[in-house]
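To start, the structure under review is shown below, and the notes come after it.
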Amino acid sequence: MRKLQRGFSIVTAIFLLVVLAGLGAAMLTFSNVQHQSSAMDVLGSRAYQAARAGIEWAAFQVVNSASNAAAATNCATTFAQNSLGGTLAPFAVTVTCSAASHVEGVSTVWIYDVSSVASAGTLGSNDYVERAISTKMGR
């Protein structure tokens, strides 16, 4: 009877080693995916802030325009990468602005439709991130 059981413990040990190695590999893969997901979340937040900076720049241009101007303020621009500085440096921001006038009594009110798109990375790659914001403002 003892001869039949010889070698059973080595099979059990190998089986346990294979199972534990598989679990370890799965945990490493899960951890790596979590780190990449967290990094993309941070990039998404920074892209939003870069797009918001574009909207703020357009608002500054509109507020500082002459109140009696006969034509609308041009608040469209493009910020190249590394022009914003700090943690927003990797982002290129494109601000588009269209204006329409509306006459109320003797005053002309300008309504601006402003859009800002911030993007970083290479389009089609895993590190590409883009955020867009649009708003309307008047003067």
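No lab work stands behind these numbers, since they all come straight from the coordinates. These numbers were taken from a predicted model, which means no experiment stands behind them. Counting neighbours? That spans all protein chains shown, and the Cβs are built from the backbone with ideal geometry, glycine included.
The figures follow:
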{"item": "Angle in degrees between helix 8-63 and the longest Cα principal axis of the chain, rounded to the nearest 10", "result": "0 degrees"}
{"item": "Which labelled figure in [x] 14.5, 41; [y] 28.9, 110; [z] 15.7, 47 is Rg and Dmax of the Cα atoms in Å, once derived from the coordinates", "result": "[y]"}
{"item": "Farthest toward positive dipole pole in the range 2-138 [+1 Lys/Arg, -1 Asp/Glu at C-beta], among THR73, SER45, VAL18", "result": "VAL18"}
{"item": "Dipole magnitude (debye, nearest 20) for the range 2-138, charges at Cβ of Lys, Arg, Asp, Glu", "result": "1080 debye"}
{"item": "Mean Cβ neighbour count within 10 Å, used as a protection proxy, ranking 24-31, 89-96 highest first", "result": "89-96, 24-31"}
